[in-house]
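A.B. asks: One structure follows; several queries about it will come next.
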Amino acid sequence: MPHSSAHSARALRDAIANGQLTAEAACQAALDRIAARDPELHAFHTVFAERALERARALDRSTGPRGPLHGVPIALKDNITVAGTVTTAGSKMLATYRPPYDATVVERLEAAGAIVIGKTICDEFSMGSSTENCAFGPSRNPWNPDRAPGGSSGGSAVAVAAGMTPLALGSDTGGSIRQPAAFCGVVGLKPTYGRVSRYGLIAYASSLDQIGPFATTVRDAALCLDVISGPDPKDSTAAAVEPPKFEAALTGDIAGLRVGVPRGWLREGVDTEVMARFEESLATLERLGAVVSEIELPHSRVAVPVYYLVATAEASANLARFDGVRYGYRAPDARDLGEMYDRTRDQGFGPEVKRRIMLGTYVLSAGYYDAYYVKAQQVRTLIRRDFDEAFADVDVVATPTTPTAAFPLGALRDDPLKMYLADTFTVSAPLAGLPAISVPCGWTDDRLPVGLQLTGRAWDEATILRVADAFERTRH
Ligand code: GLN
């Protein structure tokens, strides 16, 4: 069955440090678990068994200081570059692309002793909520293989939920870490915009994208954020703000903490079982000493349309680079350059990516720019201001992570608008640049996990991690 905190990254690191286990044995155990579970769940696109085992042996031989993730296997969403290994972003366009450089997060993880074990299935260029838009997918939900794992970072959520690796990285633009975390019953954190370097992350929507961890415990997510966060000369959008020690913030004490609940927004249509788990979670937070009150986030009700204008506009610009000339797929047999561009993009991109490029190009075009793109940016500002006002009175905002638990694979594939509504509660935080976490908060009657989402002030991951950790302790 899926995870337990006995398989936490910390427990594993400590077992290796105490000599109970070698890094090689930990790595082999992860590879064995992948061999046993992945044929059914398909979390991984590639597994680097040899590279990982070699690295584990080197760690076992080393006598130098041990990093905070010494010997811990980790999986990466397949839109994060690892030098010399295939990085596809879930697209046929990049099916054979081998980047010549490591992402900054990869450098930092490896410097901390983590072992990158493979790359996980994701929706093509991170566009989707189920991994069904992946050219090599989908992954399956470990709690019920007929259900979607969520997306776009679905494979990473599955890897952690099924106990294949204790940690994984994903990227979140409109919910792609938090929604699959909720669907798979694990912790998922989207940090503040600018907290984690995106050098080596294949861009989807540059004003929103952020890398963050999946873990079985809040403490592991904090530990991982401690390793990957902080300024980076290679990414000017990684803010020059020294992060605090996130793990040290997990005191277990939330007495007096103010939790805001945007009841008006929740009336948008939340499944009754999800709503019941949410109300129980609020009662738990109150028992822990938190003070729950109602707040207003009036403009978040239109966050989904705002997101799908801003994100597609940015995607249409970011994806212009895939033209068959510089890297990636090139259509054969074109008679001239124009035809080569056309055919390459027609054959290389899947239908959802094409839909978004067309929508994004449309909203940026003369005549529609003011009506759609500029208007969306204006409403985005109003969404952010609502949060600023709310945070004058409360310390965190609580909502369900998703309006429903995991939907069946195939159920929304032909209805993109319904699929977009899976993002109802997750798109506001990235639009406002804020950190948000999804922590497991219970089950539906048919044993599917439900997630509680906590959104914090910019740069204040410490508070949402502290609340999520205190909440999680009541559940073990
Ligand atoms: N599901 C959303 C989308 O399709 C969010 C994706 C993401 O965060 N990358 O765009």
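A.B. asks: Just how much of W443 is accessible, in Å², when a 1.4 Å probe is used and the result is rounded to the nearest 10?
C.D. replies: 80
A.B. asks: Can you give me the Kirkwood hydrodynamic radius for the chain, using every pair of distinct Cα atoms, in Å to one decimal?
C.D. replies: 22.0
A.B. asks: Measuring with a 1.4 Å probe in the full set of protein chains, what accessible area per residue, in whole Å², belongs to the chain?
C.D. replies: 36
A.B. asks: Per 0.36 nm of contour for each residue apart, how much would the distance between E54 and A334 grow if the chain were fully extended, relative to their Cα-Cα spacing?
C.D. replies: 96.5 nm
A.B. asks: For D445, project a label point 7 Å along Cα to C-beta. Then give me every residue of the stretch 262-282 with its amide nitrogen under 17 Å of that point.
C.D. replies: Once the point is set 7 Å along Cα→Cβ of D445, 271-278 turn out to lie under 17 Å by backbone N, inside the stretch 262-282.
A.B. asks: While we're on this one: Give me the distance in nm between label points sitting 7 Å out from Cα along the Cα-to-Cβ direction at K418 and R263, one decimal.
C.D. replies: With each label placed 7 Å out from Cα toward Cβ, I get 3.1 nm.
A.B. asks: For the stretch 1-72 and the stretch 345-416, what is the separation of their Cα centres, given in Å?
C.D. replies: Spelled out, the Cα-based centre of one part sits 37 Å from the other.
A.B. asks: Just check the stretch 118-233 against the gyration tensor rule for me: Cα atoms, a ≥ b ≥ c as the square roots of the eigenvalues, rounded for a/c under 1.5, and otherwise prolate or oblate depending on whether a/b exceeds b/c.
C.D. replies: Judged from the Cα gyration tensor, the stretch 118-233 comes out oblate (a/c at least 1.5, b/c at or above a/b).
A.B. asks: Same structure, new question: If you put +1 on each Lys and Arg Cβ and -1 on each Asp and Glu Cβ, how big is the dipole of the chain around its Cα centre, in Debye rounded to 20?
C.D. replies: For this selection, approximately 580 debye.
A.B. asks: Where nothing but the Cβ of Lys and Arg (+1) and of Asp and Glu (-1) is charged, how large is the charge dipole of the stretch 303-396 around its Cα centre, in debye to the nearest 20?
C.D. replies: 360
A.B. asks: With a 1.4 Å probe and all protein chains left in place, how much of the accessible area of the chain comes from carbon and sulfur atoms, in whole percent?
C.D. replies: Carbon with sulfur: 52 percent of the solvent-accessible area.
A.B. asks: Relative contact order, percent, of the stretch 360-476 when contacts are C-alpha pairs under 8 Å separated by at least 6 residues?
C.D. replies: 25
A.B. asks: A25 to R61: extension gain in nm, 0.36 nm per residue of separation minus the Cα-Cα distance?
C.D. replies: 11.6 nm
A.B. asks: At 222 nm, what value in deg cm²/dmol follows for the chain if DSSP H runs of at least 4 each add -39500 (n - 2.57) and the sum is divided by all its residues, to the nearest 500?
C.D. replies: Counting only the DSSP helices, I get -11500 deg cm²/dmol.
A.B. asks: So if I place +1 on the C-beta of Lys and Arg and -1 on the C-beta of Asp and Glu, and nothing else carries charge, what would the dipole magnitude of the stretch 1-130 be about its Cα centre? I want it in debye, nearest 20.
C.D. replies: In total the dipole reaches around 200 debye.
A.B. asks: Can I ask one more? Please arrange T63, T312 by accessible surface area, largest first, computed with a 1.4 Å probe and ligands excluded.
C.D. replies: Heavy-atom accessible area, descending, gives T63, T312.
A.B. asks: Another question about this same structure. Under 8 Å for C-alpha pairs, at least 6 residues apart: give me the relative contact order for the stretch 181-292, rounded to a whole percent.
C.D. replies: Value for the stretch 181-292: 22 percent.
A.B. asks: Could you tell me which of A95, G212, F425 has its Cα farthest along the dipole of the chain towards the positive end, charges placed at Cβ (Lys, Arg +1; Asp, Glu -1), taken about the Cα centre?
C.D. replies: Highest projection toward the positive end goes to A95.
A.B. asks: Going down the table (K245/K354; K77/K354; K234/K418), which pairs top 31 Å between alpha carbons?
C.D. replies: Listed pairs above 31 Å: K245/K354; K234/K418.
A.B. asks: Please report the accessible area of E107 (heavy atoms, 1.4 Å probe, ligands and nucleic acids excluded) in Å², nearest 10.
C.D. replies: 80
A.B. asks: Shifting gears a bit: Say each of A17 and V374 gets a label point 7 Å from the Cα, pointing the same way as Cα to Cβ; how far apart are those two points in nm?
C.D. replies: Reported label-point gap for A17 and V374 is 5.7 nm.
A.B. asks: OK, next. When the chain is fully extended, how far beyond the present Cα-Cα distance does S293 get from A248, taking 0.36 nm per residue of separation?
C.D. replies: Full extension from S293 to A248 adds 13.4 nm.
A.B. asks: Need one value: the accessible area of L337 in square angstrom, 1.4 angstrom probe, rounded to the nearest 10.
C.D. replies: Near enough 100 Å² of accessible area.
A.B. asks: How high is the relative contact order of the chain, in percent, counting Cα pairs under 8 Å that sit 6 or more residues apart?
C.D. replies: The value is 17 percent.
A.B. asks: Moving on to the next point. Which sequence of M164, M358 reflects their accessible areas, 1.4 Å probe, from the largest down?
C.D. replies: Largest accessible area first, the list is M358, M164.
A.B. asks: Mind giving me the FRET efficiency for R301 and E279? R0 is 22 Å, r the Cβ-Cβ distance, nearest 0.05 is fine.
C.D. replies: With R0 = 22 Å, the Cβ-Cβ based efficiency is 0.60.
The values are calculated or read from the model by the stated rules, or taken from the named source; none is laboratory data. Just so it is clear, the model here is predicted, and its values are computed rather than measured. Every residue, glycine as well, gets a Cβ built from its backbone with ideal geometry; the counts of neighbours run over all protein chains shown. Surface areas here come from the heavy atoms of the whole protein model, side chains and all, with no ligands, DNA or RNA. Shrake-Rupley method; radii C 1.70, N 1.55, O 1.52, S 1.80 Å.
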